[in-house]
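Asks: Before anything else, here's the structure in question.
The values are calculated or read from the model by the stated rules, or taken from the named source; none is laboratory data. Note that the structure is predicted; figures quoted are calculated from it, not measured. Glycine also receives a Cβ, built like all others from the backbone with ideal geometry; neighbour counts cover every protein chain displayed.
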Amino acid sequence: DTGVSQNPRHKITKRGQNVTFRCDPISEHNRLYWYRQTLGQGPEFLTYFQNEAQLEKSRLLSDRFSAERPKGSFSTLEIQRTEQGDSAMYLCASSRDIDYEQYFGPGTRLTVT
Amino acid sequence: DQQVKQNSPSLSVQEGRISILNCDYTNSMFDYFLWYKKYPAEGPTFLISISSIKDKNEDGRFTVFLNKSAKHLSLHIVPSQPGDSAVYFCAASDGAQGGSEKLVFGKGTKLTVNP
C-alpha cells in the first residue's frame, strides 16, 4: 500500500500530557499538510510543508503545537500540555507541489480526558 | 467567517436516482475546487475536481458543475448506488503558484442512498 499512513490511529491521553503523531506521505509527494477535524465540521488547515520547509501555519496552531518534517520525508505533530479542546481527528495529507489534489491518511483520533 | 458552505447537512435518495450535492463559496480568489468522500473512521478520499477556468468536469458517474458568477458548485452522482452513502465535503484552494497550499472545506453533506 503506497497511500498516506498515520500512527497511531487512536490516542487517549490525560489533560496536561504531551502527545506526538506521525505521518508518512506518499513517497513522491513533496508537500505534506496537517488538518484537524472535529465533530460536525470539515477538516481545518493547521500547517503545511514543502520538503522540509514549513511554509504556512494557521492561527489554530497555538504555541502548544509544533510540527516538523526532517529530511522532507515523514512528519510529526506534537501537542504539549494537552487540553480537552484538543480532542479531534488529526488528518495528514500529501501532494505534489504542481497538483491541487491532496491525498489524506486515515487520521489519528485524539481523546483528551 | 465560513468561506465554503454546504447548506444541506443531509440528503437521502433512492438507488438509481440522481444525487445532487451543493456548495457555495464566498472567496473570489479560489481557483480550484474539489470534492471528497468520507466514510466513518477513515480519512477523506479525493473524488473529483474542477478548475475555475472550466464549468464542468465529468468522471464516470460523477460530474461537477461550477458557476463562477454565482460562486456555486454542485456534484451530480448518476446513478446513485448504496455504496455512495458517505459524507461529501466540498473544498476550495487559492494556490498562488500552481498546486494547492491549503484547502478550505465545507461542513459536509451526509448522503444516504436507499436500496
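Asks: With A:GLU68, A:GLU78 as the choices, which residue is touching a residue at least 60 places away in the same chain (Cβ under 8 Å) and surrounded by fewer than 16 Cβ atoms within 10 Å (Cβ to Cβ)?
Replies: A:GLU78
Asks: Considering only residues that are in contact (Cβ under 8 Å) with a residue 24 or more places away in the chain and not in a strand (DSSP E or B), look in segment B:84-104 and name the one that is nearest to the other protein chains (Cβ to nearest Cβ).
Replies: Filtering first and then ranking leaves B:SER100.
Asks: Sticking with this structure for a sec: Filter segment A:1-31 for residues that are within 14 Å of chain B (Cβ to nearest Cβ) and among the small types (Gly, Ala, Ser) and give the result.
Replies: A:GLY3, A:SER5
Asks: Follow-up. Evaluate the following for B:LYS37: is it at pLDDT 95 or above, charged (D, E, K, R) and assigned to a strand (DSSP E or B)?
Replies: Yes; evaluated as a whole, the condition is true for this residue.
Asks: Now a separate question. Among the strands (runs of 3 or more DSSP E) contained in segment A:1-112, which hold 1 or more residues that are among the acidic types (Asp, Glu) and farther than 30 Å from B:LYS5 by Cβ?
Replies: Per the criteria, A:19-24, A:65-68, A:75-79.
Asks: Specify the residue that is farthest from the chain's Cα centre (by Cα); the eligible residues are those in segment B:1-34 that are of a type in the set (S, T, N, Q) and part of a strand (DSSP E or B).
Replies: Among those residues, the one meeting the criterion is B:GLN14.
One line per residue, one yes/no per condition, for (1) closer than 26 Å to B:ASP94 by Cβ; (2) of a type in the set (A, V, I, L, M, F, W, C); (3) within 12 Å of the chain's Cα centre (by Cα):
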{"residue": "A:PHE21", "(1), (2), (3)": "no, yes, yes"}
{"residue": "A:GLN37", "(1), (2), (3)": "yes, no, yes"}
{"residue": "A:PHE45", "(1), (2), (3)": "yes, yes, yes"}
{"residue": "A:CYS92", "(1), (2), (3)": "yes, yes, yes"}
